[in-house]
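The values are calculated or read from the model by the stated rules, or taken from the named source; none is laboratory data. Fair warning: this is a prediction, and the values are worked out from it, not measured in the lab. Neighbour counts run over all protein chains shown; Cβ positions are idealised from the backbone, glycine included. Heads up: the accessible areas ignore ligands, DNA and RNA and are worked out on the full protein's heavy atoms, side chains in. Shrake-Rupley method; radii C 1.70, N 1.55, O 1.52, S 1.80 Å.
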Amino acid sequence: KRLLFVGLLDPLHKKGIPYLLQALAQLPRRDWHLDLVGDGPTRTEYETLAATLGLSAQITFHGYQSKPRVAQLMRESQLFVLPSLVETFGVVLIEALASGIPVIATQTAGPSELITADVGLLVPPGDVKALATTINTMLDQHTHYAPQTLVAYAERHFGYAPVSQRLDRLYRSFVTVPVQVVAGG
């Protein structure tokens, strides 16, 4: 079963990669492979941690990849994992859903607004045990998430029509606000 992570490998560990690697090391089974897409100053550190945890054979560090290649990896994956400590929106989560794969993300501002039980699961940020348990559960239950349902959810909430309608309503709410002109000022 293929898991996928896409994100920056930053020195502040905001994307939660150390927690993801530690969680994967705690899994009671080894029928998975993680494709880790992204680059940054901590790549070598993460590769060393993966080796230390005995995970080198199960993780491929792809580095930076083109958008078509990331899309291909999403289509080939069964589960997307984004264990961020901080996440404002998480466009990559929507891309995963639009590719028909369920997601595991953290209960941070963005993912908490995007992810429902119908499309994935949320875990507390930095909680290795909860992340490991959730990944283990999803390895068994990822087929309960019908790809067409995930794609429809992404389109219904984040497609061109719903986003443009929300922007139009927002714009109109500002335009219709009466402007008070103060004379002599």
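Starting from the range 56-75, keep only residues that are part of a helix (DSSP H, G or I) and surrounded by 13 or more Cβ atoms within 10 Å (Cβ to Cβ), then list their pairs with residues that are modelled with pLDDT of 95 or more and aromatic (F, W, Y) whose Cβ atoms are within a distance under 8 Å, requiring at least 6 positions of separation or different chains.
That search, which allows pairs on different chains as well, returns Q58/W32; M74/F80.
How many residues does the range 99-148 contain that are under 23 Å from K67 (Cα atoms), part of a helix (DSSP H, G or I) and modelled with pLDDT of 95 or more?
Count: 2.
Do you know which of the residues in the range 4-26 that are of a type outside the set (D, E, K, R), out of contact with any Leu (no Cβ under 6 Å at 6 or more places or on another chain) and over 17 Å from V103 (Cβ atoms) is surrounded by the most Cβ atoms within 10 Å (Cβ to Cβ)?
The extreme case among them is L9.
Provide a single number: the residues in the range 104-129 that are among the hydroxyl-bearing types (S, T, Y), open to solvent by 10 Å² or more (accessible area, probe 1.4 Å) and either touching a residue at least 40 places away in the same chain (Cβ under 8 Å) or in contact with a Phe, Trp or Tyr (Cβ under 9 Å, 6 or more places away or on another chain) (or both).
Qualifying residue count, the range 104-129: 1.
Quick check on R29: is it open to solvent by 10 Å² or more (accessible area, probe 1.4 Å), in contact with a helix residue (DSSP H, G or I) (Cβ under 9 Å, 6 or more places away or on another chain) and at pLDDT below 95?
The answer is yes for R29.
Scan the range 76-88 residue by residue and report those that are part of a loop (DSSP other than H, G, I, E, B) and either of a type in the set (K, R) or over 20 Å from P11 (Cα atoms) (or both).
Residues satisfying the conditions are S77, Q78.
Go through the range 138-168 and give me each residue that's of a type outside the set (F, W, Y) and within 17 Å of the chain's Cα centre (by Cα).
Those that are of a type outside the set (F, W, Y) and within 17 Å of the chain's Cα centre (by Cα): M138, L139, H142, P147, L150, V151, A154, E155, H157.
I101: farther than 19 Å from T137 by Cα, in contact with a Phe, Trp or Tyr (Cβ under 6 Å, 6 or more places away or on another chain), β-branched (V, I, T) and in contact (Cβ under 8 Å) with a residue 24 or more places away in the chain, yes or no?
Criteria not met by I101.
Being surrounded by fewer than 17 Cβ atoms within 10 Å (Cβ to Cβ) and assigned to a loop (DSSP other than H, G, I, E, B) narrows it down to one of Q165, Q180, so name that one.
Criteria check complete, one pass: Q180.
Give the number of residues within the range 138-160 that are under 14 Å from I115 (Cβ atoms) and open to solvent by less than 60 Å² (accessible area, probe 1.4 Å).
6
Would it be correct to say that R156 is modelled with pLDDT under 80 and part of a helix (DSSP H, G or I)?
It is false that R156 is modelled with pLDDT under 80 and part of a helix (DSSP H, G or I).
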